[in-house]
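The values are calculated or read from the model by the stated rules, or taken from the named source; none is laboratory data. Bear in mind the structure is a predicted one, so any value in this text is a computation, not a measurement. So basically every Cβ, Gly included, is an ideal-geometry build from the backbone, and we count neighbours across all protein chains shown. Protein only, heavy atoms only, side chains kept; ligands, DNA and RNA dropped before computing areas. Shrake-Rupley method; radii C 1.70, N 1.55, O 1.52, S 1.80 Å.
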Amino acid sequence: MPWAYLPEDFAQKHNSAWVTAPNSFYDPELGHPLYNRYLDELELADQLGFDGVCVNEHHQTAYGGMPSPNIMAACLARRTKQAKLVILGNVLPLYDHPQRVAEEIAMLDVITKGRVISGMVVGTGMEYFSYRINPTHARERFHEAHDLIIKAWTTEGPFSWDGTHYRFRYVNIWPRPYQRPHPPIWIPGSGSSETMEWVAQQKYTYMVLPTLASFELRRQAAEYFSQCCAKAGYSVRHAQIGWGIGIYVSETDEAARREYEPHYWYYARNLLKTTPQQALPPGHTSIASVTGMMKRRLESRPSNLSTWKEVDEAGYVIVGSPETVRQRLEDYAGRVGFGLLIANFSVGNAPREYTEKSMRLFAEKVMPKLRPINMDVATMM
Amino acid sequence: MTSCKEEIVKVRGRNVKLLRGGEGMPLIFLHDPFCPNWLPLHDRLASEYEVFVPIHPGFAGSENGFEQFETMEDLVVHYLDLCEALKLDRPALAGASFGGWIAAEWAIRYSERLRCLVLIDALGLRLPAAPVADVLSLDGPGLRRTLFAEPNSPLALEAIPDTPRVDAIVGTILGRRALARFAWQFPDDPRLLRYLYRVRLPALILWGECEECVPSAHGRAFHDGIADSEFAAIAGAGHLPHLEASEECAKLILSFLRKS
């Protein structure tokens, strides 16, 4: 849910759209219709037959307007009918009381009669600046909070939790989740190997985030995840690999690029802008991953791309006529083996009519052709 | 010139990298987080004292066992253990920046185990009216501007390059992680100020005159809080006067040590 009204010279004047980007750029008068428009689009996805609608959590940023994903999911809970509510996800280490996450997800799950998918994330480095959580504890807190939440969902209370980062004498959540043993867990990631290894061990779904890098680097991430599953003693299921990507469909390839490109650059140049210090605070990511990422990721993030040709050919997004989009998705799915597509239809400051047109064309002309290859489609804003 | 020896000392089963040189009464120098090395200042001090520069837990060479360290208290106990391992009796204690913070925390608790205290642009105090820079949010050039009186001097560029040299990447990452563990966003202990009276030692407080990282109000507060202390401002230096004005610092420290 990007903030669509940054000034033209934002990227020249500010080194990040996160943490320190002045919130004087946020105008609640413009924010009111913007929130409601994004929620309308997610409701439209439900009506158009998408399998899921996704929300996520980021703080103090123009990148997205969802500091609380659970509030957005609550807004959608009673106005959607069939789509799963995919919360991608709660940033567990930010919270001193993980039970709050367990409770809110359980509330949503019971209200929707089990339509919730619970994502859990370590969160971007930027969140550790915004919430003053010590990043050297990020992984430990994530794992302990996860274990506590799963236990709160699956073990009859009350029980006590005496951990390293969390200690509670009484854990006894009401309500308990509707789904048994608990809502499915999806873990989005941007390529850190320790996350993939853990997700494979847990047999959860790994979602390759769209901001990671080019198609090839992301394909390698998915491949590594499959290897991790093999190492954990089983073959990865297609439905265990989620592929996040920006999609735009228009009548023709030319129209699609013309309509999409300026808004893509708004997103890539402004909203993804952050500093290496903010993105990789100390200890947030393992030393091996940081050394790799320092070389790879910060050089190849879309904000460093400069031409549409690079964006298009490296597969950062899929933009074109229904036929082009279908072909590329089938090609990618064939090469990556993903069974879950998490399509981001809203980009940067694209106007509502474009996003809606793209979603309708996708639902009508692309989605039916993906069903035979067993692909589920969720959309995020 | 005294050249230092590098060795690994076992402290409670953990490896600690130790740089040492010179002969005489023992002096422990707790390094700043940016230059965990043997410096020209150490050579000068080693002309009269036996100087020990232990690398802090978590920094390259002493990273093993770092997961056991959570708080400043753990570091203080670590240095008591190190003193026992080295059989040091009432050493003089000096510390710069983050190392100065550890030294101050040590001195409020166990000053009877020390001979005297030197604090150089020490972190550790919480002064809401004089906040400390958030060094872990800064890039190379920003960090140099914050730490040095002359940010583009060869000395500054060598200490903090724009991007770390390839062979220094892991060391830089380890050092930043160790600093973050104890000093994320607020490198202080809100209780330190009120316990400074417990430092019952002669103390020398040195502060860079061009300090942009830890405002000089912190130096004044250390001076006000420690009864038997003297304060000296170092011209032409920022947060790291032991680097930028090492000769001036050496003179002041040596003359202080001789009389303490």
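Pairs, please: C-beta under 6 Å, at least 6 apart or cross-chain, first residue assigned to a loop (DSSP other than H, G, I, E, B) and in the range A:196-209, second open to solvent by 30 Å² or more (accessible area, probe 1.4 Å)?
Filtered contacts from the range A:196-209: A:Leu209/A:Ser190.
Take B:Ala92 and decide whether it is touching a Lys or Arg at 6+ places or on another chain (Cβ under 6 Å) and touching a residue at least 60 places away in the same chain (Cβ under 8 Å).
Details: touching a Lys or Arg at 6+ places or on another chain (Cβ under 6 Å): yes; touching a residue at least 60 places away in the same chain (Cβ under 8 Å): yes.
In short, yes.
For the range A:77-191, which fully contained helices (runs of 4 or more DSSP H) count at least 2 residues that are open to solvent by 10 Å² or more (accessible area, probe 1.4 Å) and in contact with a Pro (Cβ under 8 Å, 6 or more places away or on another chain)?
Details: elements: A:98-111, A:125-130, A:138-154.
Filter on the range A:77-191 gives A:98-111, A:138-154.
Only residues that are among the polar types (S, T, N, Q) and at the interface with chain A (Cβ under 10 Å from one of its Cβ atoms): list them for the range B:125-171, please. So that I can check it myself, show each step before the final result.
As a first pass, look at the range B:125-171 and keep what is among the polar types (S, T, N, Q): B:137, B:146, B:152-153, B:163.
Of everything in the range B:125-171, those that are among the polar types (S, T, N, Q) and at the interface with chain A (Cβ under 10 Å from one of its Cβ atoms) turn out to be B:Ser137, B:Thr163.
Which members of the range B:82-102 meet the condition of being farther than 7 Å from B:Ala122 by Cα and either at pLDDT below 95 or part of a loop (DSSP other than H, G, I, E, B) (or both)?
Passing the criteria: B:Lys87, B:Leu88, B:Asp89, B:Arg90, B:Pro91.
Residues that are within 26 Å of B:Phe69 (Cα to Cα) and open to solvent by 30 Å² or more (accessible area, probe 1.4 Å): find the helices (runs of 4 or more DSSP H) completely inside the range B:160-260 holding 3 or more of those.
Values: elements: B:169-183, B:216-225, B:241-244, B:246-259.
Those helices (runs of 4 or more DSSP H) span B:169-183.
Just name the residue that is farthest from B:His218 (Cα to Cα) out of those in the range B:139-184 that are more than 18 Å from the chain's Cα centre (by Cα) and of a type in the set (S, T, N, Q).
It comes out as B:Thr163.
Please go through the range B:113-139 and pick out each residue that is open to solvent by less than 10 Å² (accessible area, probe 1.4 Å) and small (Gly, Ala, Ser).
B:Ala122, B:Gly124
Restricting to the range B:11-57, count the residues that are over 24 Å from B:Phe256 (Cα atoms), charged (D, E, K, R) and in a loop (DSSP other than H, G, I, E, B).
Adding up the residues that qualify gives 1.
Give the number of residues within the range A:254-280 that are within 14 Å of chain B (Cβ to nearest Cβ) and at pLDDT 95 or above.
Looking only at that region, the number is 1.
Give just the number: which of (1) in contact with a Ser or Thr (Cβ under 6 Å, 6 or more places away or on another chain); (2) outside any loop (DSSP other than H, G, I, E, B) does A:Cys229 not satisfy?
Going through the list (1) in contact with a Ser or Thr (Cβ under 6 Å, 6 or more places away or on another chain); (2) outside any loop (DSSP other than H, G, I, E, B), A:Cys229 breaks only (1).
Select from the range A:41-68 the residues that are more than 14 Å from A:Ala83 (Cβ to Cβ) and either of a type outside the set (A, V, I, L, M) or part of a strand (DSSP E or B) (or both) and list them in ascending order. Steps first, answer last, please.
Of the residues in the range A:41-68, the ones more than 14 Å from A:Ala83 (Cβ to Cβ) are A:56-68.
Of everything in the range A:41-68, those that are more than 14 Å from A:Ala83 (Cβ to Cβ) and either of a type outside the set (A, V, I, L, M) or part of a strand (DSSP E or B) (or both) turn out to be A:Asn56, A:Glu57, A:His58, A:His59, A:Gln60, A:Thr61, A:Tyr63, A:Gly64, A:Gly65, A:Pro67, A:Ser68.
Among A:Phe225, A:Phe168, A:Phe215, which is the only one that is more than 14 Å from every other protein chain (Cβ to nearest Cβ), hydrophobic (A, V, I, L, M, F, W, C) and in contact with a His (Cβ under 9 Å, 6 or more places away or on another chain)? Break it down stepwise before answering.
Values: A:Phe225 fails: in contact with a His (Cβ under 9 Å, 6 or more places away or on another chain); A:Phe215 fails: in contact with a His (Cβ under 9 Å, 6 or more places away or on another chain).
Exactly one of A:Phe225, A:Phe168, A:Phe215 is more than 14 Å from every other protein chain (Cβ to nearest Cβ), hydrophobic (A, V, I, L, M, F, W, C) and in contact with a His (Cβ under 9 Å, 6 or more places away or on another chain), namely A:Phe168.
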